[in-house]
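**Q** My questions all concern the structure below.
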Amino acid sequence: MTTGVRRRMAVEERRQQLIGVALDLFSRRSPDDVSIDEIASAAGISRPLVYHYFPGKLSLYEAALKRASDDLAERFVEPREGPLGARLLRVMRRFFDFVDEHGPGFSALMRGGPAVGSTTTNALVDGVRQAAYAQIVSHLRVERPPARLELVVRSWIALAEATALLWLDGRRIPRGELEVQLVHDFAALAAVSAASDPEVAALLRRALSDEPPADSPFITLVNRLVDLASEPL
């Protein structure tokens, strides 16, 4: 009979393993409810050995959050090809994939958790928002966004976060409907700004000119608004 021998991991390999284990636990339950003992047990090591690699749960949570934030930022990366509406819809689907996979952890981060308020956590969250902002602006093909356009994009990112949190609280609206709605929300926010800003109006007209006449979330919204306006009061 062969006796199994536990392989000794290198320092960085062990750190990465612990981060992965912690992220999995934090994704399924609020970080406040996960103990160092649980992390150690899931990793197959002793509690003191966890503290050998991380001084406490906060530092391990921040490391797991860094991995998660890098993953979330990558969800906003999309090739600048094809209609803008379809690109934003693909981004929203990947965004909600992340929210679905890391629900309790995402909710704890946005609503309050063990690392909320720390300099590291704030920097990571701001980094994700800035990465998302840069990606959306690049899709609009503008190097220096006018002030109203910056307001539109940043407001939309905040709206996506709030929508995801509300969806996690009972999932009362089908996820796919919310993904489309958020693309519609982007168009609506842009349209309101375009009414007051000629530069935003030109950018919006250019984006709409690339949309296909059918199967476009932007054109679908325009048609619905036209139908709504034509209905008798």
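The values are calculated or read from the model by the stated rules, or taken from the named source; none is laboratory data. Worth saying up front: this structure is predicted, and the values here are computed from it rather than measured. So basically every Cβ, Gly included, is an ideal-geometry build from the backbone, and we count neighbours across all protein chains shown. Only protein heavy atoms, including side chains, enter the accessible area calculation; ligands, DNA and RNA are left aside. Shrake-Rupley method; radii C 1.70, N 1.55, O 1.52, S 1.80 Å.
**Q** What FRET efficiency comes out for Met110 versus Arg148 if R0 is 25 angstrom and r is the Cβ-Cβ distance? Round to the nearest 0.05.
**A** It comes out at approximately 0.45.
**Q** Then there's this: Any chance you could check the Cα centroid distance between segment 59-90 and segment 126-142 for me, in angstrom?
**A** With segment 59-90 and segment 126-142 each reduced to a Cα centre, they are spaced 10 Å.
**Q** Here's another thing I want to ask about it. Give the calculated FRET efficiency between Arg67 and Arg93 to the nearest 0.05, with a Förster radius of 30 Å applied to their Cβ-Cβ distance.
**A** Result of the calculation: an efficiency of 0.90.
**Q** What does the extension gain come out to for Ala188 and Asn223, with contour length at 0.36 nm per residue minus their alpha carbon separation?
**A** Contour length minus the Cα-Cα distance gives 11.3 nm.
**Q** Send over a whole-number figure in Å² for the accessible area per residue of the chain, probe 1.4 Å.
**A** 55
**Q** Which longest run of the chain has no exposed loop site in it, a site being trypsin sites (Lys or Arg not before Pro) in a DSSP loop with at most 15 other beta carbons within 10 Å, and the site itself not part of the run?
**A** That gives 173-233 as the longest site-free run.
**Q** Separate question: Once phi is turned into θ = phi - 60°, what whole-Hz ³J(HN,Hα) does the Karplus curve with 6.51, -1.76 and 1.60 give for every residue of segment 144-156, x standing for Gly and Pro?
**A** 10, x, x, 4, 5, 5, 4, 4, 4, 5, 5, 5, 5
**Q** Output the Kirkwood hydrodynamic radius of the chain, Cα pairs only, in Å rounded to one decimal.
**A** Final number for the Kirkwood radius of the chain is 20.0 Å.
**Q** In a solvent-free Debye calculation with one equal scatterer on each Cα, what is log10 I(q)/I(0) for segment 120-180 at q = 0.13, 0.27 Å⁻¹, listed in the order of the q values?
**A** Log10 I(q)/I(0), no solvent term: -0.44, -1.10.
**Q** What angle do you read, to the nearest 10 degrees and between 0 and 90, between the alpha-carbon axis of helix 217-230 and the longest principal axis of the chain?
**A** The answer is roughly 50 degrees.
**Q** Starting from the residue with the highest accessible area, list Leu18, Leu203 in decreasing order, probe 1.4 Å.
**A** My answer, sorted largest first, is Leu203, Leu18.
**Q** Report, to the nearest whole %, how much of the accessible area of the chain belongs to carbon and sulfur atoms, 1.4 Å probe, protein only.
**A** That share works out to 55 percent.
**Q** Students sometimes get this wrong: rank Val183, Val21 by accessible area, probe 1.4 Å, all chains present, largest first.
**A** Val21, Val183
**Q** Then there's this: Calculate the spin-label point distance for Glu101 paired with Asp33, positioning each point 7 Å from the Cα along the beta-carbon direction, and give it in nanometres.
**A** Computed distance between label sites Asp33 and Glu101 equals 2.2 nm.
**Q** When the expected Rg is taken as 2.2 N^0.38 Å, what fraction or multiple of it is the alpha-carbon Rg of segment 145-233?
**A** After normalising by residue count via 2.2 N^0.38 Å, the value is 1.20.
**Q** In degrees, nearest 10, range 0 to 90: what is the angle between the Cα axis of helix 11-28 and the longest Cα principal axis of the chain?
**A** That works out to roughly 60 degrees.
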